[in-house]
Every structure is written in structure tokens, then in C-alpha cells.
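Just dropping this structure here.
The values are calculated or read from the model by the stated rules, or taken from the named source; none is laboratory data. Worth saying up front: this structure is predicted, and the values here are computed from it rather than measured. Please note: Cβ atoms are built from the backbone with ideal geometry, for glycine as well, and neighbour counts cover all protein chains shown. The area values use the complete protein model at the heavy-atom level, side chains included, leaving out ligands, DNA and RNA. Shrake-Rupley method; radii C 1.70, N 1.55, O 1.52, S 1.80 Å.
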Amino acid sequence: MGRFDSGITPEDLRKRSPRPFESPWGAIALLTTPDGPSCIQAFCPHMEGPLAEGTVAGGEIVCPWHLWSFSIDNGCRLAPTKDPSRSIAVFAVELGPEGTFLVEPK
């Protein structure tokens, strides 16, 4: 599967970030970062915590349930300890011709 049209516009994302939605790869979430829009899986690999309700700061997202944090850039778990085996999926994001964000796995 190639790119998927999220149906979410930049205006929609400004109103609420992170913004979860269903995709062919499961539940994922668009979010605003200082470097622009990013997209990650919507649930934490530790007990399925809602990453889409997490806190975004400094290139990381923190799960609200148990405070596990992940790199938004590469998905690697950063806290409580670095652990590449417990990473999250990240997706490439671009603005499509219809003005909505297109996403695809990195």
C-alpha cells in the first residue's frame, strides 16, 4: 500500500494535535512538532496506552498512562530507558494536492 489520504487539513491539525485516525496500518495520529507535521502509531506498545492523548515536547511524545516516551522522528523508546525493541511505528507526512495530509510508512 502506498500513501494514504488522512482527510485531515493543516487547519484541522492546528485545532487539535495529536489527531488520531484510522488507516490501512491501524490507528495512527498526526501531530504538530516544531519541525512540522509528523505521524506515529496512536497506541503505546506498553499496555496500549493512548499515545494520541500524549504530550508532545522536544521531538518526543509521552504516553499519558505510564510516561513512556518515544522519538517522533524514529519511534525509538527513550524513557524510562532507551529500548529499540519497544519502538513505535512512524510515518512520512506530506501535504497532498487536495490540501490534506498524505501518510505512508517510513
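Using alpha-carbon pairs under 8 Å, 6+ residues apart, how would you state the relative contact order of the chain in percent?
Values: 218 pairs, mean separation 26.0, N = 106.
It comes to 25 percent, rounded to a whole number.
Tell me the label only: which of (1) 14.1, 46; (2) 12.3, 33; (3) 12.9, 41 is Rg and Dmax of the Cα atoms in Å as calculated from this structure?
(3)
Would you be so kind as to identify which of His46, Ala29, Val93 lies farthest towards the positive end of the dipole of the chain, taking Lys and Arg as +1 and Asp and Glu as -1 on Cβ and the Cα centre as origin?
His46
Also, I was wondering about something else. Within a Cβ distance under 15 Å of Phe91, other residues only, what is the Lys/Arg minus Asp/Glu net charge?
On the way: positive: Arg3, Arg19, Lys106; negative: Asp5, Glu22, Asp35, Asp73, Glu94, Glu104.
Counting the neighbours of Phe91, the net charge comes to -3.
How high is the relative contact order of the stretch 1-53, in percent, with contacts defined as C-alpha pairs under 8 Å that are six or more residues apart? Intermediate results must be reported in sequence, preceding the final value.
Values: 65 pairs, mean separation 13.1, N = 53.
Averaging sequence separation for qualifying contacts and normalising by length gives 25 percent for the stretch 1-53.
Taking C-beta distances below 4.7 angstrom as the pairing criterion, name the unpartnered cysteines of the chain, in sequence order.
Those would be Cys39, Cys76, since no other cysteine Cβ in the chain comes under 4.7 Å of theirs.
Under the 0.36 nm per residue contour assumption, what length would be gained going from the current alpha-carbon distance of Trp25 and Glu11 to full extension? Mind showing how you got there, number by number?
On the way: separation 14, 0.36 × 14 = 5.04 nm, distance 2.39 nm.
Between Trp25 and Glu11, full extension yields 2.6 nm more.
Computed FRET efficiency, Cβ-Cβ of Lys106 and Glu60, R0 22 Å: what is it to the nearest 0.05? Can you show the working numbers first?
Details: r = 17 Å, r/R0 = 0.77.
The calculated FRET efficiency here is 0.85.
Please give the per residue accessible area of the chain, computed with a probe of 1.4 Å over protein heavy atoms only, in Å².
Details: 5730 Å² over 106 residues.
Solvent-accessible surface per residue comes out at 54 Å².
How much mean residue ellipticity at 222 nm does the chain get from its helices, if each DSSP H run of length 4 or more adds -39500 (n - 2.57) and you divide by all residues, to the nearest 500 deg cm²/dmol?
Details: 1 runs with 6 residues, N = 106.
About -1500 deg cm²/dmol.
Dipole of the chain, Cα-centred, from +1 at each Lys and Arg C-beta and -1 at each Asp and Glu C-beta, to the nearest 20 debye? Walk me through the intermediate numbers first.
Details: 9 positive and 13 negative charges, 51 e Å.
For this selection, approximately 240 debye.
I would also like to ask the following. Multiply the residue separation of Lys82 and Met47 by 0.36 nm, subtract the distance between their alpha-carbon atoms, and state the gained length in nm to one decimal.
Working: separation 35, 0.36 × 35 = 12.60 nm, distance 1.76 nm.
The span from Lys82 to Met47 would gain 10.8 nm if fully extended.
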